[in-house]
1. Looking only at the stretch 1-30, which residues are modelled with pLDDT of 80 or more and hydrophobic (A, V, I, L, M, F, W, C)?
2. Among (1) among the charged types (D, E, K, R); (2) closer than 21 Å to residue 237 by Cβ; (3) open to solvent by 40 Å² or more (accessible area, probe 1.4 Å), which single condition is residue 110 missing?
3. Restricting to the stretch 65-95, and then to whatever is in a helix (DSSP H, G or I) and open to solvent by less than 30 Å² (accessible area, probe 1.4 Å), can you tell me which residue is farthest from residue 204 (Cα to Cα)?
4. State whether the residues of the stretch 143-154 include one that is at pLDDT below 95, in a strand (DSSP E or B) and closer than 24 Å to residue 78 by Cα.
5. Working only within the stretch 129-182, note down all residues that are under 30 Å from residue 65 (Cβ atoms) and open to solvent by 60 Å² or more (accessible area, probe 1.4 Å).
6. How many of the residues making up the stretch 74-98 are within 14 Å of the chain's Cα centre (by Cα) and closer than 18 Å to residue 232 by Cβ?
7. Can you name every residue in the stretch 208-239 that is part of a strand (DSSP E or B), touching a residue at least 24 places away in the same chain (Cβ under 8 Å) and closer than 19 Å to residue 79 by Cβ?
8. When you go through (1) over 25 Å from residue 138 (Cβ atoms); (2) modelled with pLDDT under 90; (3) exposed (fewer than 13 other Cβ atoms within 10 Å of the Cβ); (4) not aromatic (Phe, Trp, Tyr) one by one for residue 62, which number turns out not to apply?
Amino acid sequence: MSLQDAGSGVALWRQVADGIERGIANGSFAAGERLPGEMVIAGTYRVNRHTVRRALAALAERGLVRAERGSGTYVETAKLAYPLRSRTRFSEIVGAGGHEPRGQLIAASEEPATRELARQLALKTGAPLARIAALRLADRTPICIGTTWLSAERFPDAGRVYERVRSMTKLLAHYGVRDYRRASTRVTAAIVDATDAARLDLALGRPVLVADSTDVDADGKPLLTKHVRFAAERVEFVVENG
């Protein structure tokens, strides 16, 4: 395949990007698939590797592909439909979309409850809290980073349990909580910071959807509160009534 020269009015890198985008659209490159290497693409389009890199960078900025250091460039998966409802479970949502849910513990610690966290969890200010930061993925794709706070007295060694079970639902079940519901969710938008960008494999300046929520047990007693940052280009929130 040869490209028209710059006299056509369309830069070579743009022609390469358009060609790859057509391949994604027609299914030649499936969602989650690794693209051919830079040298292969350069040979296919008869351009140099700098042109290929610029084309891939443009596609990445648009959220069509994602570069993984040391692995290659992958076609981004279709946006995950993420229902916001009274019973919201990451594992169930991801599994229903045909993907494998995964959780990775980033850090776990204990800290005293601030006035706001104490209010959300119906505890006293300064009460000991377990703080769990985790990355959630669908297959290989990072979806969100969440920070969760729970009562350290009610859920002792919660961080260690999460590291083993890698699921908040399974963590709660470990302590005898078999069911729970979402009491409230507040969604805002933000720009990803450098730390989250690296973990979510996003370029700096990309948008994130921020969900602050509180879950309660069958008696309405607060169990946990979360601050979750979703890669906006990989999810779409669906508000379900009823």
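1. In the first step, residues of the stretch 1-30 are kept if they are modelled with pLDDT of 80 or more; the result is 11-30.
Scanning the stretch 1-30 gives 11, 12, 13, 16, 17, 20, 24, 25, 29, 30.
2. With respect to (1) among the charged types (D, E, K, R); (2) closer than 21 Å to residue 237 by Cβ; (3) open to solvent by 40 Å² or more (accessible area, probe 1.4 Å), residue 110 is out only on (2).
3. So the first thing to find is which residues in the stretch 65-95 are in a helix (DSSP H, G or I), and the list is 90-95.
Next cut, open to solvent by less than 30 Å² (accessible area, probe 1.4 Å) only: 90, 93-94.
Details: 90: 25, 93: 27, 94: 25 Å.
Among residues in the stretch 65-95 that are in a helix (DSSP H, G or I) and open to solvent by less than 30 Å² (accessible area, probe 1.4 Å), the one farthest from residue 204 (Cα to Cα) is 93.
4. Let us first name the residues in the stretch 143-154 that are at pLDDT below 95, namely 143.
Checking the rest, the ones that are also in a strand (DSSP E or B) come to 143.
Applying the additional criterion that residues be closer than 24 Å to residue 78 by Cα yields 143.
Looking for residues that are at pLDDT below 95, in a strand (DSSP E or B) and closer than 24 Å to residue 78 by Cα, one finds at least one in the stretch 143-154, hence yes.
5. First pass over the stretch 129-182, keeping only residues under 30 Å from residue 65 (Cβ atoms): 133-147, 166-167.
Result: 140, 166.
6. 10
7. Let us first name the residues in the stretch 208-239 that are part of a strand (DSSP E or B), namely 208-216, 222-231, 235-239.
Subset that is touching a residue at least 24 places away in the same chain (Cβ under 8 Å): 208-209, 211-216, 222-231, 235-239.
Passing the criteria: 208, 209, 211, 228, 229, 230, 231, 235, 236, 237, 238, 239.
8. (1)
The values are calculated or read from the model by the stated rules, or taken from the named source; none is laboratory data. A quick note: this is a predicted structure, and the numbers were derived from the prediction, not measured. So basically every Cβ, Gly included, is an ideal-geometry build from the backbone, and we count neighbours across all protein chains shown. Quick note on the areas: whole protein, heavy atoms, side chains included, nothing else; ligands and nucleic acids left out. Shrake-Rupley method; radii C 1.70, N 1.55, O 1.52, S 1.80 Å.
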